[in-house]
Each structure stands twice: as C-alpha cells, then as structure tokens.
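Peer 1: Once you've had a glance at the structure underneath, I'll fire off some questions.
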Amino acid sequence: MARVVVGGGFGGLASAARLAKLGHAVTLFERADTLGGALSSVTRDGFTWDAGPTATVLPAVVRDLFRKSGRPVEKELELVPLDLLREHRFADGSRLGLPGGSRAAQVSAVEALGSGLGEQWARYLDAYAESWELLRRDYLERPWHPDLGAREVTRLLGSREMLAKRLRGAFTDERLRLVAGHPFVADGHDPRNVPAWQGVAAYAEQRFGAWTVPGGMAAITSALERRLATRGVEVRIGVEVHDVLLRDGRAVAVSTSAGDVDADLVVCAVDPRRLPVLAPHVRRTMPALPPVVCHLGLEGDVPDLPHHVVLHGDPLLEVRTGGLAPDGAHAWTLHGRGLAEDVVVALARQGLDVGSRVVTRVDRSPRELVEAWGGSPLGVLWQGRRTTRKRLGPGTPVPGVYAAGAHAVPGSGLPYVGLSAALVAQAVGPA
C-alpha cells in the first residue's frame with residue numbers, strides 16, 4: 001500500500017523513517033530542493049549558521065527516533081549537553097545564567113538574583129511535576145482524543161488558567177516572570193493566551209537540560225536522510241503536493257506538481273492550510289510567526305558569550321553564538337521581536353555593539369522564512385485553552401490522512417515535533 005509523507009522537515013523525515021521501519025512503502029515529497037526545513041544550515045563567505053534551532057531539550061526523543069528506525073543515534077552523530085540553557089540579561093543590568101538538568105543548580109543560580117527567589121523558582125517548577133507525568137504518559141506519548149482521554153488529562157488541558165496569571169501568582173520579581181515566560185514570548189505568543197499547563201516546558205528543561213550537535217543541528221537532517229535511504233524511502237525533492245485526492249471521503253492519492261500519485265495513507269507534515277482538504281478544519285487557528293533573523297559573520301574581538309543569550313527589553317533580542325567560522329572569526333545569529341530598527345543597531349543599544357566587526361550578514365524576515373520553509377516551524381499560535389482542540393494530529397477528520405510536525409503539537413522544537421511523528425506511527429501501526 002502506498003504511503004505518502006508531505007513535507008521534508010524534521011516532522012516529515014521522522015514520520016517517514018518510523019513508518020518505513022514498520023514495513024510501509026513510503027514516498028516523501030518536499031517542495032524545496034533540499035530537506036530539513038528549519039533544521040538546516042545557512043552558509044556564506046566561509047561562515048555557517050543553524051537556520052533554525054541551535055539546541056534541543058529531551059534528547060531522548062531524538063535517541064528514540066533513531067533507535068526505533070534502525071541504528072542508535074550514537075552511531076550517527078554526537079549529542080553534547082550544554083552547561084547553560086541560556087543567559088538572561090535584564091534592563092537593570094542584572095544577569096541570570098540558567099543551567100539545565102539540575103534542580104539544585106537552577107535554584108542556586110536564581111537565588112543569586114535575590115534572597116528567596118530560588119525558593120519561589122523551585123515552588124513554581126515543582127508544581128508542574130504531576131502535570132508533566134500526566135501529559136507525558138497520556139498526551140505526548142500516545143494518541144489522545146478529547147472524548148476518550150484520561151479524565152485528569154482532559155481536565156488539565158481544559159483548564160481556564162493562563163500562564164500570565166500563573167506567573168503573577170508565583171513570582172514577586174518581574175525578572176522571574178520574564179524568564180519563565182520567555183520561551184513563549186520568543187515564539188510569538190502572548191502569555192495571557194497560553195494555558196498555564198504549558199509551563200511544563202520549563203520543568204522539562206530543568207530535568208533534562210539542553211543539548212546540541214557539534215558542527216550544527218543540520219547534522220540530524222543529514223543522518224535522517226541516510227536513514228531514509230537505508231529504509232528504502234523514496235524521496236522526491238522539488239515536488240510540491242497541492243492537495244489530497246479523495247474517493248468516497250477517503251484519501252486515495254495526492255495531487256503534485258509532477259502529477260497525481262496514488263496514496264491510501266497521507267501524513268501531512270506541513271502547515272495543513274497548504275492542503276485544501278485540511279484547510280477548513282484549521283480555519284480557526286493562526287500560525288505563530290518566526291522572529292526577524294539575522295546571521296552575522298564577525299571578525300576580530302567580540303564579547304565572549306555563552307551559547308544562547310536573551311536580552312530582555314524593547315525589543316526582545318536573542319544572540320546564539322554556536323555557528324562555524326574561519327579562524328579568528330565568529331558566527332552569531334540574532335533573533336528579534338518588536339523591532340523598529342536594524343537588529344544590529346538594536347543590539348548595540350542593549351550593550352553589545354559588534355557593528356564594526358561585521359564582515360558578512362544574512363537577513364531573513366518572518367515572511368521570507370515562512371515562504372522558504374512552507375510554513376512556520378513554531379506551529380500554531382496560542383489563542384486560549386481551546387487552541388488545544390483546534391489543531392490536528394495525529395489523526396484528522398479526513399480518513400486516511402494524519403498530521404505531524406509543528407502544527408500538530410502544542411509547542412515548537414524537536415521534542416514536540418519528534419513526538420508527533422511517534423504518535424502518527426502508533427496511530428497507523430505496522431504494515
């Protein structure tokens with residue numbers, strides 16, 4: 001039987017690898033001329049930057065993907081833990097280097113900001129322990145249905161409490177509210193519209209830390225390309241899927257720029273708005289748009305920064321320093337939200353003036369990123385608690401059509417997207 005995966009980003013690659021290991025004959029279509037989507041690299045003038053994520057939490061998701069589709073990940077690439085999740089810099093000049101993978105280390109670091117703040121941080125994250133176990137077991141690691149799911153999980157997902165309210169009640173210091181809310185603000189969400197249970201993301205960071213791949217996260221894409229070849233997956237790049245064709249309401253083929261292709265099972269690993277058959281089912285959702293991105297090639301002396309620095313202010317800026325550069329040079333990536341000026345100028349205003357060191361730069365607007373990747377890697381914009389039920393995945397209302405990727409999960413990043421592929425494989429089952 002013909003199985004088609006639409007989209008060659010991490011969600012599509014992971015779905016194809018898992019289905020092929022289960023014995024399915026899989027064809028993957030990607031409209032771009034390369035695979036990976038946001039999990040790729042940008043190269044110019046001898047510099048190389050990660051196009052999207054520069055690290056991941058929950059490395060077990062990546063390890064499980066490789067183990068369940070063939071050789072362990074350790075045989076393919078190296079996952080290295082980072083000392084810090086990120087360094088936060090605040091308008092008053094104070095800083096917080098937030099470690100991951102250790103409750104004690106985090107509490108100690110936060111306590112250095114002010115007496116009693118470490119205890120507040122500990123209480124805030126400890127309160128998510130039960131929610132994490134519920135969500136992991138009955139929502140993230142096995143398909144959930146709103147009418148059939150465990151009562152405790154359904155109640156949690158339907159809670160009216162929003163993250164902004166939870167943060168106001170948990171912290172007396174605005175800096176800790178900024179730290180706890182940062183991942184969502186950085187992804188374009190308003191904490192007033194994000195369910196409070198989403199705070200489990202910070203709990204997972206504390207428990208598992210952040211991990212990266214030396215040389216760039218695109219190595220994961222390269223490893224998965226090899227895995228698909230080993231598993232006999234047919235990969236067709238430069239071919240766009242226009243829609244899913246139905247017969248008696250069920251998927252029977254896909255319409256592509258290269259002609260119609262039979263398919264009795266289709267996995268949509270792109271924004272479902274791109275497929276007219278699915279678009280009506282997600283018309284009440286919106287994508288979370290990427291930030292402004294600027295890749296910088298720098299020469300000479302520059303500030304010695306950790307892997308990820310967050311500059312809280314107006315605008316919100318992030319610096320990621322893990323790119324590859326020629327000897328004596330440095331590769332930084334800047335992210336900006338709320339910008340009203342050039343991002344390098346905004347960075348200088350916040351104390352990091354590297355304008356005179358720039359020898360090359362690559363600028364990408366949110367619109368350019370979405371067009372290049374065929375959708376936003378940040379998935380669905382949170383618009384309150386009902387957003388949980390408005391997104392698709394792993395199943396859809398169309399028989400024979402499944403959903404994976406950022407738009408099928410309640411958050412961005414490799415862990416969520418990788419888990420979505422695992423849920424699709426569970427829902428489909430062996431050939």
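So that you can scan it fast, the table gives a plain yes or no per residue for (1) at pLDDT 95 or above; (2) surrounded by fewer than 21 Cβ atoms within 10 Å (Cβ to Cβ); (3) in contact with a strand residue (DSSP E or B) (Cβ under 9 Å, 6 or more places away or on another chain):
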{"position": "362", "(1), (2), (3)": "yes, yes, yes"}
{"position": "371", "(1), (2), (3)": "no, yes, no"}
{"position": "385", "(1), (2), (3)": "no, yes, yes"}
{"position": "424", "(1), (2), (3)": "yes, no, yes"}
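Peer 1: Hey, which of the helices (runs of 4 or more DSSP H) in region 47-164, taking only ones fully inside, have at least 2 residues that are among the aromatic types (Phe, Trp, Tyr)?
Peer 2: Values: elements: 59-69, 103-111, 117-126, 129-135, 151-157.
Because the criterion is at least 2 residues that are among the aromatic types (Phe, Trp, Tyr), the helices (runs of 4 or more DSSP H) in region 47-164 that meet it are 117-126.
Peer 1: Which residue, of 164, 196, is touching a strand residue (DSSP E or B) at 6+ places or on another chain (Cβ under 8 Å), under 19 Å from residue 380 (Cβ atoms), of a type in the set (A, V, I, L, M, F, W, C) and outside the structural domain of residue 414 (by TED's automatic domain parsing)? If you could, list the steps in order and put the result at the bottom.
Peer 2: Details: 164 fails: touching a strand residue (DSSP E or B) at 6+ places or on another chain (Cβ under 8 Å).
Matching residue, one of 164, 196: 196.
Peer 1: When both residues are 6+ apart or on different chains and their Cβ atoms are under 6 Å apart, which pairs have a first residue that lies in region 135-154 and is outside the structural domain of residue 394 (by TED's automatic domain parsing) and free of Cβ contacts under 8 Å to residues at least 24 places away in the same chain, and a second that is crowded, with 17+ Cβ neighbours inside 10 Å and among the aromatic types (Phe, Trp, Tyr)?
Peer 2: What qualifies is 153/139.
Peer 1: Scanning for something outside the structural domain of residue 188 (by TED's automatic domain parsing) and out of contact with any strand residue (DSSP E or B) (no Cβ under 7 Å at 6 or more places or on another chain), does region 317-325 turn up at least one residue? Walk me through how you get there before you give the answer.
Peer 2: Keep residues of region 317-325 that are outside the structural domain of residue 188 (by TED's automatic domain parsing), which gives 317-325.
This time we only want the ones that are out of contact with any strand residue (DSSP E or B) (no Cβ under 7 Å at 6 or more places or on another chain), so: none.
Checked region 317-325: no residue is outside the structural domain of residue 188 (by TED's automatic domain parsing) and out of contact with any strand residue (DSSP E or B) (no Cβ under 7 Å at 6 or more places or on another chain).
Peer 1: Here is a follow-up. Does at least one position in region 72-81 carry a residue that is under 13 Å from residue 176 (Cα atoms) and modelled with pLDDT of 95 or more?
Peer 2: Residues of region 72-81 that are under 13 Å from residue 176 (Cα atoms), as a first pass: none.
Taking every residue of region 72-81 in turn, none turns out to be under 13 Å from residue 176 (Cα atoms) and modelled with pLDDT of 95 or more.
Peer 1: Looking at (1) surrounded by 24 or more Cβ atoms within 10 Å (Cβ to Cβ); (2) more than 21 Å from the chain's Cα centre (by Cα), find the lone condition where residue 405 falls short.
Peer 2: With (1) surrounded by 24 or more Cβ atoms within 10 Å (Cβ to Cβ); (2) more than 21 Å from the chain's Cα centre (by Cα) applied to residue 405, the lone miss is (2).
Peer 1: Which ones in region 410-424 are of a type outside the set (Val, Ile, Thr) and either part of a helix (DSSP H, G or I) or more than 8 Å from the chain's Cα centre (by Cα) (or both)? So that I can check it myself, show each step before the final result.
Peer 2: Step one: filter region 410-424 for residues of a type outside the set (Val, Ile, Thr), giving 410-416, 418-423.
Within region 410-424, 410, 414, 415, 416, 418, 419, 420, 421, 422, 423 qualify.
Peer 1: Of the conditions (1) farther than 15 Å from residue 131 by Cα; (2) in contact with a helix residue (DSSP H, G or I) (Cβ under 6 Å, 6 or more places away or on another chain); (3) in the same structural domain as residue 132 (by TED's automatic domain parsing); (4) among the hydrophobic types (A, V, I, L, M, F, W, C), residue 211 fails just one. Which one is it?
Peer 2: (3)
Peer 1: A follow-up question, please. Taking residue 134 and the conditions (1) within 26 Å of the chain's Cα centre (by Cα); (2) at pLDDT 95 or above; (3) surrounded by 15 or more Cβ atoms within 10 Å (Cβ to Cβ); (4) aliphatic (A, V, I, L, M), which numbered condition does it fall short on, given that it satisfies the others?
Peer 2: Looking at each condition in turn, residue 134 falls short on (2).
Peer 1: Kindly provide the set of residues from region 275-306 that are within 20 Å of residue 388 (Cα to Cα) and charged (D, E, K, R), ordered by number.
Peer 2: Listed by number, the residues that qualify are 283, 284.
Peer 1: With surrounded by fewer than 18 Cβ atoms within 10 Å (Cβ to Cβ), touching a Lys or Arg at 6+ places or on another chain (Cβ under 8 Å) and part of a loop (DSSP other than H, G, I, E, B) as the only criterion, which of 314, 301 stands out? Write out each step before concluding.
Peer 2: Working: 314 fails: touching a Lys or Arg at 6+ places or on another chain (Cβ under 8 Å).
Matching residue, one of 314, 301: 301.
The values are calculated or read from the model by the stated rules, or taken from the named source; none is laboratory data. Note that the coordinates shown come from a computational prediction; the quantities given were computed from them, not determined experimentally. So basically every Cβ, Gly included, is an ideal-geometry build from the backbone, and we count neighbours across all protein chains shown.
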